[in-house]
Amino acid sequence: MTAGRHESGRTARYGKSLLNLTNPRAWIASAVFVSLVIVAGVQFVRRPCEPAYAGQPLSAWLKELDDDWQRSARGPAGQAIRALGTNALPTLVRSLRQPDARLRTRVIEFLDEELRNRIDPPATRVRRAMLACYCLGPRAAGAIPELMARITRPDPDAADGFAAQVLSQIGPPAIAPLVRTLTNAESGVRIAAVVALGELRRNFRDDPAASWDSVNLALVRLSRDPFPVARGLAVELLAQLHRDPLLVIPALLERLDDSDAAVRKAASLV
């Protein structure tokens with residue numbers, strides 16, 4: 001009798017499982033979960049050993065940057081990341097790339113709430129990697145290509161806007177890539193690049209490795225940009241650099257007749 005009840009219960013559970021699988025959403029969620037487990041297993045096997053500091057892996061320190069990152073950057077988390085130095089870069093670069101971030105985000109949405117809470121969304125991993133590069137400063141120069149790719153993406157997300165600020169902390173190696181970005185077709189990208197150059201100049205004004213002569217010509221061209229915000233920022237930075245007056249002064253005088261009042265004001269303050 002007892003065996004019969006066990007067999008009946010097993011049959012009922014089996015039938016319930018089949019009923020669940022007839023639900024398209026349940027079936028898709030199950031398939032997605034299995035796929036994620038397989039992919040995660042392959043990536044775990046192929047992934048290089050994650051660096052650690054004071055007994056904690058880099059990923060644990062990165063999570064501590066989530067809340068009040070500026071304070072965290074000055075605290076134990078920032079100290080750990082700076083202690084790891086360039087050893088942290090391979091992990092950070094992999095996080096910055098995230099080529100299939102949007103697809104992964106959509107896949108995660110199929111999982112139940114408990115599973116979703118255990119998986120860091122791609123945008124979160126990107127943001128943490130950027131914050132770590134900010135903490136590293138000049139030692140994050142190896143991540144410049146990935147940071148530039150985040151700025152110039154055709155479909156940027158909220159985390160990508162922080163990349164320009166990170167580049168301004170890296171120093172002179174970021175100057176040439178940012179100058180090339182001043183001709184980008186997207187006005188937002190051009191504006192982000194000139195803002196980063198301005199901040200970079202303030203942070204590394206006396207650094208002998210910083211070559212600003214190459215910036216002047218690009219800024220003169222940007223001072224004629226169709227967008228007034230870009231023109232105004234270019235004028236302000238040209239005035240701050242104080243280089244090559246034969247090239248710069250005519251460009252600034254030209255902006256005194258600009259159609260935008262803010263640009264005219266910036267040119268008049270030189």
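Below, the figures for the structure above:
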| read-out | value |
| --- | --- |
| Residues satisfying the stated conditions in segment 230-261, i.e. charged (D, E, K, R) and touching a Pro at 6+ places or on another chain (Cβ under 8 Å) | D258, D260 |
| Meets criteria (closer than 21 Å to I170 by Cβ and either buried (at least 20 other Cβ atoms within 10 Å of the Cβ) or not aromatic (F, W, Y) (or both)) for L246 | no |
| Meets criteria (touching a residue at least 24 places away in the same chain (Cβ under 8 Å) and surrounded by fewer than 19 Cβ atoms within 10 Å (Cβ to Cβ)) for D207 | yes |
| Hey, A266 small (G, A, S), surrounded by 15 or more Cβ atoms within 10 Å (Cβ to Cβ) and touching a helix residue (DSSP H, G or I) at 6+ places or on another chain (Cβ under 9 Å) or not | yes |
| Residue check, V220 surrounded by 15 or more Cβ atoms within 10 Å (Cβ to Cβ), over 23 Å from A123 (Cα atoms) and without any contact (Cβ under 8 Å) to a residue 60 or more places away in the chain | yes |
| Some residue of segment 235-247 being over 19 Å from A164 (Cα atoms), in a loop (DSSP other than H, G, I, E, B) and under 28 Å from the mean Cα position of the chain (by Cα) | no |
| Search result, residues across segment 45-71 that are in contact with a Leu (Cβ under 9 Å, 6 or more places away or on another chain), modelled with pLDDT of 80 or more and not in a loop (DSSP other than H, G, I, E, B) | A52, Y53, L58, W61, L62 |
| Residue match in segment 109-124 (condition: closer than 29 Å to I144 by Cβ, in a helix (DSSP H, G or I), at pLDDT 55 or above and small (G, A, S)) | yes |
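The values are calculated or read from the model by the stated rules, or taken from the named source; none is laboratory data. In this text the structure is predicted, and so the values were computed from the model without any measurement. Note: ideal-geometry Cβ built from the backbone for every residue, glycine included; neighbour counts use all protein chains shown.
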